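Please treat every number below as a calculation from the coordinates, not as lab data. Quick caveat: nothing in here was measured; it's all calculated off a predicted structure. For neighbour counting, all protein chains shown are included, and Cβ atoms are generated from backbone atoms with ideal geometry for every residue, glycine included.
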Amino acid sequence: MIFLKIEDKIDIKIFILYLLNNVGEPLEFTTVNDMVLQDEFVNYFDFAFCFSELLEAGQIDEYENGETPLYFISESGKETLASYESSLLPVIRERALKSALRLIAFNRSGNRIVSSITECGDGYTLHCAIIDKKKTLFSVDLYVAEKSYAERLKANFEERAEVIYRGSLSLLSGDVNFIFDD
């Protein structure tokens with residue numbers, strides 16, 4: 001399996017601008033963060049550094065929406081993107097945009113992430129679920145012997161529920177290419 005990484009700071013900035021431009025709506029920082037990091041092309045520290053520089057340079061604009069600021073690509077950012085977008089590999093652009101749009105749709109649908117750890121006998125039951133306004137979309141209960149392991153699984157589910165849900169659907173449907181996509 002080939003792992004694609006973007007490590008050059010300029011390419012990371014173009015990647016962030018590309019996603020913001022193609023999503024086409026202002027987003028909270030946490031959503032931008034999740035969108036950029038979910039396919040693991042970029043690590044968190046590089047993302048945070050480059051995002052901050054883009055904001056300082058006026059490539060990304062911020063506006064207050066109540067308590068939470070929203071971020072979007074500026075006109076200057078669009079001009080920069082037009083000049084450098086082709087430097088990103090098409091496979092990275094396509095995969096990241098597909099994942100970003102799926103993440104935003106998932107968030108917009110009003111889904112809630114629910115998880116808990118309950119002691120049971122000589123171990124723990126980890127309950128993880130995704131619930132929308134009317135029904136449970138995904139639910140799993142796992143027996144785990146170690147509490148620290150259950151806590152790690154719980155934290156991962158809370159951070160990456162959409163990816164876990166998508167992966168479960170892929171496995172259950174037999175479309176295991178999801179796991180092996182480059």
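Per-structure values
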item	result
Relative packing of peptides 72-82, 86-96, 11-21, 139-149 - highest average C-beta neighbours within 10 Å first	11-21, 72-82, 86-96, 139-149
Cα gyration tensor shape for the chain, rounded if a/c is under 1.5, else prolate or oblate	prolate
Rounded if a/c under 1.5, otherwise prolate or oblate - segment 9-108, Cα gyration tensor axes	rounded
Shape call, segment 89-150: gyration tensor on alpha carbons, a/c limit 1.5	oblate
Anchor K135: lysines whose Cα lies under 24 Å away (excluding residues fewer than 8 positions away in-chain)	K154
Proximal aspartates and glutamates to K147, defined as alpha-carbon separation beneath 15 angstrom and excluding residues fewer than eight positions away on the same chain	E119, D122
Structure-based [θ]222 nm, the chain - -39500 (n - 2.57) summed over DSSP H runs of at least 4, per residue, nearest 500	-17000 deg cm²/dmol
